[in-house]
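Each remark here refers to the structure printed beneath this line.
The values are calculated or read from the model by the stated rules, or taken from the named source; none is laboratory data. Not measured: the values here are computed from a predicted model. Glycine also receives a Cβ, built like all others from the backbone with ideal geometry; neighbour counts cover every protein chain displayed. Accessible surface areas use protein heavy atoms only, side chains included; no ligands, DNA or RNA. Shrake-Rupley method; radii C 1.70, N 1.55, O 1.52, S 1.80 Å.
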Amino acid sequence: MKEGTVEKQSTEAKVLAKYGLHSLSCFYSNKNEPLLRRATRVSKLIFENTILPVYQEKRVYPGAGWYPALPTDDPKKIGMGVSYTGHYRFNPVTAWKFANELDDEFDKHIITRIINDLTVFTSVPCTMRYRHGGVHKVSNYQRVLAEGFEGYKKRIIRLKKKAKGLEQDVFYEAMLECIDSIIALCRRLLGYLKKIKLHKQDDPILDNLIKALEQSPVKPARTFYQALLATQFTMCLTSFEPGRIDKYLYPYFKKDCEEGRISIHEADQLLEEFLSNINNLGGVKHMTLGGTDENGRPVYNELTSLLIKLSGKIKQPNTSLLVRKDMPDKLWDIAMENLKNGRGNPAIINEELYLKGLKETVGVTNEDTADLAFGGCTETLIQGKTMTDSTWTAYNLPDILNQSINNYFIHLKSFSEFYKSFKNDIRLTVKEMTSQINLWQHHFALYFPLPINTLFTDDCLERAIGFSAGGCRYNFDIVDIFGAINVINSLHTIKLIFDNKLNISRPQLLKMLNDNFRNFDKEYIQIKQINKYGNDNDEINNLAKDLLGFVFDEIKKYRCWRGNGYFLPAVIGWTSYIRQGKHVEATPDGRLKAEPLSDSIGAVSETESKGLTALLLSAASIPQASALGTCILNIRIDGGAFAGPDGNSNLKALFKTYFELGGQQIQVNAVDTKMLEAALKEPKKYTDLVVRVAGFTDYFINQNDKIKAEIILRTAHKAN
Amino acid sequence: MFSQKENKGLIFDIQRFCVHDGPDIRTTVFFKGCPLNCLWCHNPEGISPRPEIGLKNNLCIGCGNCQRTCANKVHNFTDAGHLIDRKNCIGCGACVKSCIGKALSIAGKYVSADDALKEVLRDITFYKNSGGGMTVSGGEPLFQPAFLVELLQKAKSIGLNCCVETSGMAEQKIFTEILQYVDLFLYDFKETNDVLHKKYTGVSNKKIIENLRYIISNGARVRLRCPIIPGFNDRDDHFQGIAEIRRELNSLEEVELLPYNPLGLNKYERFEINLNHLEISKIPDGNNKKIWTEKLNNYIGGAS
Ligand code: SF4
Ligand code: SF4
């Protein structure tokens, strides 16, 4: 193991090195330096020592990338380290155990201090009420392809010459070291492959790989293959989120085609390998296709079709298709085929709504809107130019409502008074939440310098400010609102109780909620039967519009600490809607204590009975244009319902109408046999499952057992 | 034919987002009451021209609310379970409202054409984008002519695309009256052999065929729909009969074979409609349909 590059090491560095904790030792080698500088020393150390991924006769190399830390940093052993990205690898349990077992009192003291440092670094200064989250980013692949790493280096040198003051000087020194070590890593990779070639004379894949890597990513990419490899390499360094791949790779593909260097079939194979690399990693990543380019023209090309098709074969990355009004029918058809056959990809996105919102409300330039992409689930960002915190918050609306019920429900006289008080509580808690997020953003900026993201996200270099400190051109924070639909339904129940339309008094409801509806069978059934969101009822639609419009507006009143960025309201839910329900008592919509909260802006299961058009109209009542963080709508369909000759055009008409009415996004789950079988076992959970029965579509649970079995058989049949 | 209540029609459902009752996305209004009594009916609750109580036994919690609510002693609880004395039921719907298990439902309610249309129009944006509209089905829509005419007239006056799904069993003058409002007829043809037609449906097919000729000669767009039930009408002479009609009426838009589907059967239980209606041992699959369609096409092509 090579040591860090600094000769004169700090006390901490020496002690850490003694116990084999080399990344952390490197990080502590010069305590007087800013953390960003210290982090780039670690990047360099790791790039020099990391084990290179084995060449496996695959064209898209290096696949999953390299181990982010040094083997000695393994959290299962001592659990103290820093990865090349600048993230801490810290397992307090193993770390404390290690420290406590040290004999040398001095060493023990030093290690204890470092454990305390790591504890500070990795703590999240938000109360549990609002805590959630992660960070999403898409690197500026387009720029890497155009400039190559050498171009980046030249730019840094140029900027360094103009650096103002000591701080900027150190910033560029760090960035220079960073890009140098990345270039060195490329060379190391190339050297490794060339060594293999000595024993593998007849391996055209290897020959091509070496040839391509000799050019790119160090130098600008010239061919499609080089561009794809450069993307893969950069992706391994940062996030594995490919962004608008059909847009930035297309010029290379087109040129290759024109010059006879590549066939569509070859491109297909390469892209399939590329995507399966991401798929094999697991986690939640996102690819964004279609949409609009810098000149306002559509990005619907051969790669778009290939990638939509491929997205149907894999689970990850999640795929979103940016739909414009002029999207060709051919692409619609490809997407519809995927969806009807139970492949959840792609999600269908109303691009126009985002472009307008990004321009008008969060200051994205016209040109930059052409880089609209998504990270993770569906977190909005401008690729290569944004740091998007994915919901460092969970704004748990039912949790707020239950407290408001405790506070006001008995004393106030009318629904409107209650609703007003609830809104006041929303006002107060949103303010508290945004203050906490901003504190956390400040904390993150101080302790997580993230050098590689700084390098590959504009305008960090030009501004000489780190990725997490506000250097990016755009800074968003997606505030995910949980349980929105539970609260809409609950408010509707509360209104009926205030208006004496149910045989339930207010004290009775309070008791019911406290008792989790136990001993209130009759009232519980009554509450369950009240009309709910999702059935296109005007009164409930209006409530949805007013309440969520208010929550969105409250959130947007505040600005982020980081880069004076924007909070983007969202209703996403991911899988956290389950966890977010665990601490919430029963709610007036009939949801039981600790049960999951509503997910997305779809109807709560068991409550939808009027079919898809009614659900879409309900969802469209929510002012989604105001929630740029995305309101996800999950729908479940039976592929059979769209099997006929009109099938695709009907589905398309559904999407188009939803978008026309102001819908942002739809993701489709076509019913599969497994789900039907599960529905057979636990019918209560699948009451919203619509299947095709005879000449009509109907809810699965409405059928008798024989028919259910028949439907399952039929669906299984179709899957073949 | 039964009298209509205050210009209202009796319907048993308005179903939104229908993609199989005519082209594109549609809302279907199901009229209640039918002069036919087909053995294989998959909307049996559409046959009787009176409101009917339906019971989902698996949801009934036996609370007895319905028994207490009903002034006509329709609901009875015995060792054999929850029994419904249907002949005394006047279809007022009071028990349905009192049912906390949501086990009771009522098929059939009287609505005005305006109210029905209002519900249909909720999905107007979807029709615009898909080319869909309203379908009137049943039961037999022409069984309630005044209400049908009013509904179609009002729908047409705002430019809605209108389909009518019919058994063809009605007075010719009703067809005359509605022709101007109907964009497409979905016209059932069930059996060529009139003796069998009477046996399977309770009525002769003569008038049905006459009406079909009549509307086609008056320029109606028609899709012929032929339910094929194994063991009943999957016979060569019937396919030949369909082929003859196809050849004779060459402006027919399409002839569609609808293989029998058992998936409406549970409604017979719910509404206690005679379960012995039909014993069908063989359920057709996609392959049957293919063979039948080929057969039909051969007969059609053979004579040309
Ligand atoms: S509908 Fe009326 S008459 Fe019929 S069972 Fe119910 S309450 Fe009795
Ligand atoms: S009211 Fe409903 S749940 Fe109660 S006994 Fe009658 S049918 Fe059953």
Completion exercise
Whole-percent carbon and sulfur contribution to the accessible surface of chain A (1.4 Å, no ligands, DNA or RNA) stands at 51
Exercise for the section: Using only Cα atoms, tell me the angle between helix B:145-157 and the longest principal axis of chain B; keep it within 0 to 90° and round to the nearest 10. Expected result: 70
Exercise for the section: Give the cross-link partners of residue B:173 among the aspartates and glutamates, using a straight C-alpha distance below 20 Å as the criterion and excluding same-chain residues fewer than 8 apart. Expected result: B:140, B:150, B:165, B:183, B:188, B:210
Problem - Solvent-accessible area per residue for the stretch A:388-493 (1.4 angstrom probe, square angstrom) - result: 27
Problem - Potential extension, residue B:198-residue B:39 segment - 0.36 nm per residue separation minus Cα distance - result: 56.2 nm
Handout entry: In the stretch B:150-257, trypsin sites (Lys or Arg not before Pro) in a DSSP loop with at most 15 other beta-carbon atoms within 10 Å
Key = B:221, B:235
Exercise for the section: Could you tell me which of the pairs A:423/A:511; A:8/A:197; A:340/A:582; A:255/A:385 are separated by over 30 angstrom between their Cα atoms in the structure shown? Expected result: A:8/A:197; A:340/A:582
Handout entry: Compactness of the protein assembly as shown - radius of gyration and Dmax, Cα, Å
Key = 33.7, 107
Fill in the blank from the handout: Measuring from the longest principal axis of the C-alpha atoms of chain A, the long axis of helix A:224-237 (C-alpha) lies at a number of degrees, nearest 10, equal to 80
Practice task
Normalise the Cα radius of gyration of the stretch A:298-405 by 2.2 N^0.38 Å (N = residues in it) and let me know the number.
Solution key: 1.29
Problem - Linear extension gain, residue A:293 paired with residue A:583, 0.36 nm per residue minus alpha-carbon span - result: 99.9 nm
Practice task
Pop a pseudo-label 7 angstrom from the Cα along the beta-carbon direction at both residue A:529 and residue A:200 and give the gap in nm to one decimal.
Solution key: 7.0
Practice task
Please give the per residue accessible area of the stretch B:52-107, computed with a probe of 1.4 Å over protein heavy atoms only, in Å².
Solution key: 56
Exercise for the section: Calculate, axis by axis, the spread of Cα positions in the stretch B:129-191 along the three principal axes, and write the results as whole Å, longest axis first. Expected result: 37, 23, 17
Practice task
Show me A:58-64, A:139-145 ranked by packing, highest mean number of other Cβ atoms within 10 Å first.
Solution key: A:139-145, A:58-64
Exercise for the section: Pick out which of B:205, B:288, B:88 has the largest mean-square fluctuation in a Gaussian network model of chain B, springs linking Cα atoms closer than 10 Å. Expected result: B:88
Handout entry: Rounded to 5, percent antiparallel among DSSP beta bridges of the protein assembly as shown
Key = 40
Exercise for the section: Among B:141, B:227, B:23, determine the one that fluctuates most according to a GNM of chain B built with springs between C-alpha atoms less than 10 Å apart. Expected result: B:23
Practice task
Return, for the Cα atoms of chain B, the radius of gyration and Dmax in Å, separated by a comma.
Solution key: 20.4, 68
Practice task
Between residue A:685 and residue A:315, take the C-beta separation as r, use R0 = 22 Å, and let me know the FRET efficiency to the nearest 0.05.
Solution key: 0.50
Exercise for the section: Enumerate the calculated ³J(HN,Hα) couplings along the stretch B:75-89 in order (Karplus 6.51 cos²θ - 1.76 cosθ + 1.60, θ = phi - 60°), each rounded to whole Hz, writing x wherever the residue is Gly or Pro. Expected result: 8, 9, 10, 10, 4, 7, x, 7, 10, 10, 8, 5, 5, 8, 6
Fill in the blank from the handout: Chains B and A: accessible area buried, summed over both chains, 1.4 Å probe, nearest 100 Å², reads 3000
Practice task
Stick to Cα atoms and the Kirkwood definition of Rh, then tell me Rg/Rh for the stretch A:386-632.
Solution key: 1.04
Handout entry: Distance-filtered residues of the stretch A:402-421 - backbone nitrogen under 13 Å, label point 7 angstrom along residue A:499 Cα→Cβ
Key = A:415-416
Problem - Folded to 0 to 90 degrees: helix B:206-217 orientation relative to chain B principal axis, Cα - result: 60
Practice task
Extending each Cα 7 Å along its Cβ direction at residue A:264 and residue B:146, get the distance between those two points in nm, one decimal.
Solution key: 6.3
Handout entry: Residue-by-residue Karplus 3J(HN,Hα) for the stretch A:258-264, coefficients 6.51, -1.76, 1.60, Hz, glycine and proline x
Key = 4, 9, x, 8, 8, 10, 4
Exercise for the section: Starting from the stretch A:456-509, pick out the trypsin sites (Lys or Arg not before Pro) whose DSSP state is loop and whose Cβ has at most 14 other Cβ atoms within 10 Å. Expected result: A:501
Exercise for the section: Specify the residue with the greatest mean-square fluctuation among B:79, B:237, B:123, computed from a Gaussian network of chain B linking alpha-carbon atoms under 10 Å apart. Expected result: B:79
Completion exercise
For the pair residue A:51 and residue A:101, the simple spin-label estimate (label points 7 Å beyond Cα toward Cβ) gives in nm 2.3
Problem - Distance violations [Cα-Cα > 21 Å] among A:18/A:97; A:31/A:162; A:708/B:267 - result: A:31/A:162
Practice task
Compute the length gained on full extension between residue A:31 and residue A:180: take 0.36 nm times their separation in residues and subtract their Cα-Cα distance, giving the result in nm to one decimal.
Solution key: 51.4 nm
Practice task
Provide the FRET efficiency to the nearest 0.05 for the residue A:606-residue B:251 pair, computing r from the beta carbons and using R0 = 51 Å.
Solution key: 0.60
Exercise for the section: For the stretch B:52-107, would you read off the P(r) tail past 16 Å as a percentage of all alpha carbon pairs? Expected result: 29
Practice task
Anything losing 20 Å² or more of accessible area from the isolated chain to the full protein assembly: pick those residues out of the stretch A:589-621, probe 1.4 Å, ligands and DNA/RNA ignored.
Solution key: A:610, A:612, A:613, A:617
Practice task
Assign unit charges at the C-beta atoms only (+1 for Lys and Arg, -1 for Asp and Glu), then state the dipole size of the protein assembly as shown relative to its Cα centre in Debye, rounded to the nearest 20.
Solution key: 1300
Practice task
Work out the FRET efficiency for residue A:575 and residue A:162 from their Cβ-Cβ distance, taking R0 = 45 Å, and round it to the nearest 0.05.
Solution key: 0.45
Problem - Relative contact order [Cα under 8 Å, 6+ residues apart], chain A, whole percent - result: 12
Completion exercise
Interface residues of the stretch B:99-133, defined as losing at least 30 Å² of accessible area versus the chain alone with a 1.4 Å probe, are B:100, B:102, B:122, B:125, B:126, B:129
Completion exercise
the stretch A:163-306, Kirkwood Rh and Cα Rg, ratio Rg/Rh at 1.02
Practice task
Calculate, in whole percent, how much of the Cα-Cα pair population of the stretch A:551-624 lies beyond 15 Å.
Solution key: 68
